[in-house]
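Here is the structure we will look at.
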Amino acid sequence: MTTLEFQNKLLHLQKHLIIFAYRLTSNTENAHDLLQETNLKALNYCDRFASDTNLKAWTSTIMKNTFINDYRRRIHFNIINGDDGVFLLNQIKSSITHDPASIFESKELEKIVDTMDEKLRIPFKMQHEGYKYKEIAEILNIKVGTVKSRIFIARQKLMKQLNKNVKV
């Protein structure tokens, strides 16, 4: 497939992609930003697209992964909008409001969660951040029952590991 053919096919997918972006972000402005990032990545990596595969699925995967990666970045940074409209980035894991013991416990929990398989870790962290089961299912493109199951298994593994760490 030539670059021009790829660009034309990508143009025909814009309606589908903006709907999918809005479903992920629930915000028109953020959806347009996500669409723009997806188009840029698709055009940059068009040489990696196998012409015998589904372009709609390929670009949707790029969009979903871009959204998830952006979500992960937001986990690590808290974005605060100042009065003058300037965005200040503050790390969530600031020790200002936490005593040393709770910081240590939090880091230990994070280590345990980070050792989990990605299929369990991502839904678990998203649920911890306040996402509803349905939202997680839509973002990760899996069934709600699967989300609930993975979070339950992640909790069980976390509890099992904590019990191992406590017993001396």
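Derivation of every value follows stated rules applied to the coordinates shown; laboratory data play no part. Since the structure is predicted, the reported quantities are computational estimates derived from the model, not experimental observations. Cβ coordinates were reconstructed from backbone atoms using ideal geometry, including for glycine residues, and neighbour counts include every protein chain displayed.
Here are some notes:
- Extension reserve of the HIS128-LYS111 stretch, reckoned as 0.36 nm per residue once the Cα distance is removed: 4.6 nm
- Taking θ as phi - 60° and the Karplus parameters 6.51, -1.76 and 1.60, the scalar couplings of region 46-58 work out to 4, 5, 8, 7, 7, 5, 8, 10, 8, 5, 4, 5, 4 Hz in sequence order, x denoting glycine and proline.
- Euclidean distance between Cα centres, region 134-165 to region 2-51, Å: 30
- Per-residue 3J(HN,Hα) values for region 30-44, derived from phi via the Karplus relation 6.51 cos²θ - 1.76 cosθ + 1.60 with θ = phi - 60°, read 5, 5, 5, 4, 5, 4, 5, 4, 5, 4, 4, 5, 4, 5, 5 Hz in sequence order (x marks Gly and Pro).
- FRET efficiency for the pair GLN36 and ILE153, taken as 1/(1 + (r/R0)^6) with r the Cβ-Cβ distance and R0 = 45 Å, rounds to 0.80.
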